[in-house]
1. Between Thr249 and residues 5 or more places away or on another chain, which pairs have amide H atoms under 5 Å apart, with H built 1.01 Å from N, and which residues are they?
2. Heavy atoms only, probe 1.4 Å: what % of the accessible area of region 27-123 goes to carbon and sulfur, would you let me know?
3. Sorted by packing (mean other beta-carbon atoms within 10 Å per residue), highest first, where do 42-50, 265-273 land?
4. Decide, for region 234-297, between rounded, prolate and oblate: order the square roots of the alpha carbon gyration tensor eigenvalues as a ≥ b ≥ c, take rounded if a/c falls under 1.5, and otherwise choose prolate if a/b is larger than b/c, else oblate.
5. Starting at the first residue of region 209-224, write each ³J(HN,Hα) from the Karplus equation 6.51 cos²θ - 1.76 cosθ + 1.60 with θ = phi - 60°, in whole Hz, x for Gly and Pro.
6. Would you compute the Debye intensity of region 73-169 from its alpha-carbon atoms alone, equal scatterers and no solvent, and pass along log10 I(q)/I(0) at q = 0.11, 0.13, 0.17, 0.25 Å⁻¹ to two decimals?
7. Taking N as the number of residues in the chain, what value does Rg over Cα atoms divided by 2.2 N^0.38 Å take?
8. Which ³J(HN,Hα) values, rounded to whole Hz and listed in residue order, are derived for region 241-246 from phi using the Karplus coefficients 6.51, -1.76 and 1.60 in 6.51 cos²θ - 1.76 cosθ + 1.60 with θ = phi - 60°, glycine and proline given as x?
Amino acid sequence: MAFEGLADRLQNTIKKITGKGKVSEQDVKEMTREIRLALLEADVNFKVVKDLIKRIKERAVGQEVMESLTPGQQVIKVVKEELTELMGGEQSKIAVSDKPPTVIMMVGLQGAGKTTTTGKLANLLRKKYNRSPLLVACDVYRPAAIKQLETLGGQLSMPVFSMGTEANPVDIAKKAIEKAKEDHHDYVLIDTAGRLHVDSDLMQELTDIKELVNPDEIFLVVDAMTGQDAVNVAESFNEQLDVTGVVLTKLDGDTRGGAALSIKAVTGKSIKFAGMGEKLDQLEAFHPERMASRILG
Ligand code: GDP
């Protein structure tokens with residue numbers, strides 16, 4: 001299960017302090033030391049950990065906590081609030097353009113789960129919001145990628161717009177939006193090309209598509225299992241494209257949690273959705289508070 005190691009360690013630490021009728025500065029010091037180690041071991045960004053611990057310490061030795069009747073529980077509340085804050089507020093809303101179709105560009109490295117997430121998002125838009133999305137295959141470098149999106153479209157009984165591997169991705173995106181208008185689709189989901197690593201050709205292509213289609217959302221798809229790499233990838237994509245949100249995939253795997261806990265603090269962009277499996281209905285809104293509760297038990 002995701003976060004297992006982190007959750008175990010934090011819960012053990014917390015147990016020691018919860019019932020205390022009095023919490024000394026020494027207790028707080030010991031607790032924050034253990035929290036710090038647990039977070040670093042879960043691959044949370046070093047600077048993120050440092051800032052978080054500083055805030056927890058300041059608040060935990062503050063008057064409000066020390067003078068309360070249940071200081072142990074107050075300290076835990078502080079930890080929970082700070083973890084929630086770290087992951088950002090509630091962010092799962094999807095943009096709606098006043099001039100349909102609303103255009104969403106999906107970006108990310110190859111293997112992160114971009115194409116699968118495009119299908120999942122289309123499914124969610126239809127099921128939850130009663131929308132009619134058009135899926136667009138802009139990855140012209142891998143014929144398998146177009147096929148994969150077409151297969152997903154088939155499973156969802158949704159149309160997929162593609163122009164094969166010869167066309168230019170910017171043209172495909174442009175024509176797809178015209179087609180969406182003709183056929184009265186209210187959303188256009190553009191599945192762009194990925195690479196194994198961040199590279200300047202890819203970034204240029206994505207920037208060109210962005211400039212042309214002026215998307216309402218750019219969702220960056222990152223693989224939670226890759227820990228700090230996911231955070232670095234998010235930073236690079238965000239610098240280039242100024243993404244509007246992050247989808248963290250494979251949270252059903254046994255990720256240590258570093259990416260989920262660092263992305264918002266490092267990039268300033270919130271995690272909007274979490275991929276919880278390979279199936280098309282396994283995309284969930286990302287709730288920082290629930291995630292913090294899950295980690296702290
Ligand atoms: P892309 O190259 O970024 O388009 O990645 P794909 O959509 O092809 O996904 C790569 C692999 O990750 C596929 O085997 C997907 O089934 C799998 N995958 C995607 N999202 C999730 C997820 O949330 N959980 C799990 N367990 N697997 C996922």
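The values are calculated or read from the model by the stated rules, or taken from the named source; none is laboratory data. Small disclaimer: the values here were computed from a predicted structure and weren't measured. Don't worry about glycine lacking a Cβ; one is built from the backbone with ideal geometry, like all the others, and counts go over all protein chains shown. The protein model used for the area step is the full one, side chains on, heavy atoms only, and it has no ligands, DNA or RNA in it. Shrake-Rupley method; radii C 1.70, N 1.55, O 1.52, S 1.80 Å.
1. For Thr249, the qualifying residues are Val222, Asp223, Ala224, Gly275.
2. Result for region 27-123: 49 percent of the exposed heavy-atom area is carbon or sulfur.
3. Packing proxy ranking, top to bottom: 265-273, 42-50.
4. It is oblate, given that a/c is not under 1.5 and a/b is not larger than b/c.
5. Whole-Hz 3J(HN,Hα) from phi for region 209-224: 5, 4, 5, 6, 8, 6, x, 6, 9, 10, 9, 8, 9, 10, 8, 4.
6. Result of the Debye calculation: -0.46, -0.59, -0.83, -1.36.
7. 1.12
8. In residue order, the calculated couplings are 10, 6, 5, 9, x, 10 Hz.
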